[in-house]
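What follows is calculated from the coordinates using simple rules that are stated; it is not laboratory data. From a predicted model like this one, the values you see are computed outputs, not experimental measurements. Please note: Cβ atoms are built from the backbone with ideal geometry, for glycine as well, and neighbour counts cover all protein chains shown.
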Amino acid sequence: MSTVAPHKKRKKAGRDPSGKKGDIDLSAYSGTAEKHGPIETLKQLPFDVKDKSLSVGIDAEERCRSGSFYQIDHSVLLSSAYAEGLEVMDINRAREKYKWLSHYWWHAVHADADQYTAQTDKAQHHGYFVRTQPGTKVDFPLQACLFIGKEGLAQNVHNIVIAEEGSELNIITGCAAAQAVHTGLHIGISEFYVKKNARITFTMIHNWSDQMVVRPRSAIIVKENGLFMSNFICMKPVKDLQMYPTAICAGENATVRFNTVILAKEGSTMDIGSRVFLRAENSRAEIISRALTRGGDIIARGHLIGEVPGVKAHLECRGLMLSDRGTIHAIPELEGRADNIDMSHEAAVGKIAEEEIHYLMARGLSSDEATAAIVRGFLDIEIKGLPPHLAKEVKKAVTMEEDLHLF
Amino acid sequence: MLDIQNLTVTVQGKRILKGVNMHVSSGETVALFGPNGSGKTSLLHTIMGFPGYTVETGTIQFKGEDITGMSIDKRAERGIGMAFQRPPAVRGVKLKDILRMCINRREDVDETAISRYVQKLNLDDFQDRDVNLGFSGGEIKRCELVQLLAQDPDFTMFDEPDSGVDLVSIHLVGTVINELLQRGNGPCKKIKSGLIISHAGHILEFVNADRAYVILNGRLHCSGNPRDILDNIKSKGYEGCITCLR
């Protein structure tokens, strides 16, 4: 299998995005949490936890879900799978059960990539293991929630997802903090392995709090004819979010798509990007991002690396400024390392054109309604191949920011 | 319906309209002729209330109310509509979203009217497209008209509705403008009014205007029978208008 260090060769944009210099003081966060006992059903969660979970696509009623994983702080409360050929469990239990898992553990992501991976390697607090058996096609999405309920806590999880040959899996991961929690650190290592003819759709929705620091570290390896599609949505305040998931198209005809929709309010810093190595013939990649600032600072990255002839990839990065404060720094990168490659990008950052607002006002919309319609349209990215249940959650998450309805 | 008195307008300090007086009665359709840069579009944009068109003197009254300082949406709310000559593309906003928003402001029709309107203008395949994005010249004109059908204004302004439209489509454009302005309705009482800018006058072969104005260098010079004025312009050019005025 191919490997990659997820934060190699990155350009600097105002600060060190690799985290190697230690931009966050890890010692400022608590490494211990009280233990939460297991539950039999998500309905047993406290009302406020259920409510917050619902905002990130986690349905306590488990309607149209193929399974659930729920972790609060450092405790796994529940893991269940309702579809044949689908396994969902605490990663620690999985490592005990399957010794072969060591081949996947810290394989796509390197443990020494930065201080966050190193910290998780040193002090890991569970995470999920998800696997589909060969040929299994799971229609309904599996839901996984990583929740922080203790003020000032560091939660370091490590997830592994494996779609065996010819299998199909949809995951919705919700990451959230309790209403009373303001500060905390979430580090999430996620390693995805998409085998031959398999496909994974991974939808992640964040709803943290205004002083949370969040450091997902993800890598994906996609084999022949495999497909990995990621949808990431964060419309709620967070102090500092930095992620740069990296995928490798390692097999012929492998396809990777990253869709990102983010809103940064004042006080939020989001350094977000996606990278794809197109390492096999006829592999395809698409990175689409929509960044919106209402006073926060955004760095929107994207990096496509074509390593062999015959690959095709496109990067589209659009940023919309809704405030005089805040910044959007788009850094689209294309890197060709072979001939006969087809890679392109488009990037645009700006304010809403007054002319467009006036045009809609001439149809009877107020200035606020016209602005909201344009912003909603900006965020409404067309996600190809998203199952209806996930499309509904994505739409809900993107429009959950009440301000989008009336500025 | 519309009464403009002594309207002087500047754009970035430059005087574009100079003491314009205009009256459009209820049920009346008026054509506006003038050479490039004479102030035709500026007059329409001022009536619609676009910022950037500063009214220095004069008033605009609509249905007896002074709307001179009113915002664009309030004017639209009171029944003024406009087909743009070169509307902007609004990325992400679907045509059907705009139609729905217009329909929802009305009480006489529901959303089922949308499919009727788009079919009428052969725009079925455009409902889910970002409005005006990548549309051809003719598609843009039809897209403007379908929005106006959904909006149903009492006073509609058309800025060059025939430019860029092929000979087959212009018949359709004319038919819909007639519908919007209640032209060809026979003896029934007309309430809707219109103001049509046409450079070459093609659209007037399909829409019967009651009267025409000529605007030259920001001033309205004459008003009269549209066909007579158009024939005069065609034979003598706008120079002929100036001579006529002398």
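Applying a DSSP loop filter and a limit of 15 other Cβ atoms within 10 Å to the trypsin sites (Lys or Arg not before Pro) in segment B:1-71 leaves B:63. Label reach from residue A:100 (point 7 Å along Cα→C-beta): in segment A:164-196, amide nitrogens under 13 Å belong to A:164-165. Counted residue by residue at 0.36 nm each, then reduced by the alpha carbon distance between them, the extension gain from residue B:231 to residue B:112 reaches 38.5 nm.
Positive end of the dipole of segment A:38-227 (Cβ unit charges, origin at the Cα centre): among A:178, A:60, A:70, the Cα lying farthest that way belongs to A:70.
Taking Cα centre as origin and charging only the Cβ of basic (Lys, Arg, +1) and acidic (Asp, Glu, -1) residues, the dipole magnitude of chain A rounds to 720 debye.
Computed over the protein assembly as shown, the per-residue total of -39500 (n - 2.57) for DSSP H runs of n ≥ 4 gives a 222 nm mean residue ellipticity of -6000 deg cm²/dmol, rounded to 500. When the GluC sites (Glu not before Pro) in segment A:20-86 are filtered for DSSP coil states and for at most 13 other beta-carbon atoms within 10 Å of their beta-carbon, the remaining sites are A:34, A:40, A:61, A:84. Pick from A:313, A:28, A:254: which is most flexible by mean-square fluctuation in a GNM of chain A where alpha carbon atoms under 10 Å apart are linked? It is A:28. Percent of Cα-Cα pairs more than 15 Å apart in segment A:230-289, please. Value for segment A:230-289 (Cα pairs over 15 Å): 52 percent.
Pairs exceeding a 30 Å alpha-carbon distance, out of A:97/A:395; A:150/A:351; B:18/B:192; A:52/B:74; A:99/A:396: A:97/A:395; A:150/A:351; A:52/B:74; A:99/A:396.
Across peptide B:72-83, the average count of Cβ atoms from other chains found within 10 Å of a residue's Cβ is 4.
Computed from Cα positions, the angle between helix B:226-245 and the longest principal axis of chain B comes to roughly 40 degrees.
About the centre of its Cα atoms, chain B shows a dipole size close to 560 debye [charges on the beta carbon of Lys, Arg (+1) and Asp, Glu (-1) only; nearest 20 debye].
A simple spin-label model places the labels of residue A:180 and residue A:252 5.9 nm from each other, with each point 7 Å out along Cα-to-Cβ.
With charges set only on the Cβ (+1 for Lys and Arg, -1 for Asp and Glu), what does the dipole of segment B:99-160 come to about its Cα centre, in debye to the nearest 20?
80
Note on residue A:347 and residue A:34: the extension gain reaches 108.1 nm, defined as 0.36 nm multiplied by sequence separation minus the Cα-Cα distance. What's the long-distance tail for chain B, i.e. % of Cα pairs beyond 27 Å? So the portion of pairs separated by more than 27 Å is 34 percent. Which of rounded, prolate, oblate describes segment A:18-133, given a ≥ b ≥ c as roots of the alpha-carbon gyration tensor eigenvalues and a/c under 1.5 marking rounded, otherwise prolate only if a/b is larger than b/c? Oblate, since a/c reaches 1.5 and b/c is not below a/b. Only Cα sites of the protein assembly as shown enter the Debye sum here, all with the same form factor; the resulting log10 I(q)/I(0) across q = 0.06, 0.09, 0.12 1/Å is -0.44, -0.81, -1.12, listed in q order.
Quick check: the angle from helix B:137-151's long axis to the longest principal axis of chain B, C-alpha only, nearest 10 degrees? For B:137-151 against chain B, the angle is about 80 degrees. Value of Rg to Rh for segment A:38-227, rounded to two decimals, is 0.95; Kirkwood radius and Rg both from alpha-carbon coordinates. If you plug the beta carbon distance of residue B:133 and residue A:47 into 1/(1 + (r/R0)^6) with R0 = 45 Å, you get a FRET efficiency near 0.50.
Each of residue B:167 and residue B:122 was given a label point 7 Å from its Cα along the Cα-to-Cβ line. The distance between the two points is 1.5 nm. Between the listed residues B:197, B:49, B:241, the Cα displaced farthest toward the positive end of the dipole of chain B, a dipole computed from Cβ unit charges relative to the Cα centre, is found at B:241. The share of alpha-carbon pairs in segment A:243-377 lying farther apart than 22 Å comes to 46%.
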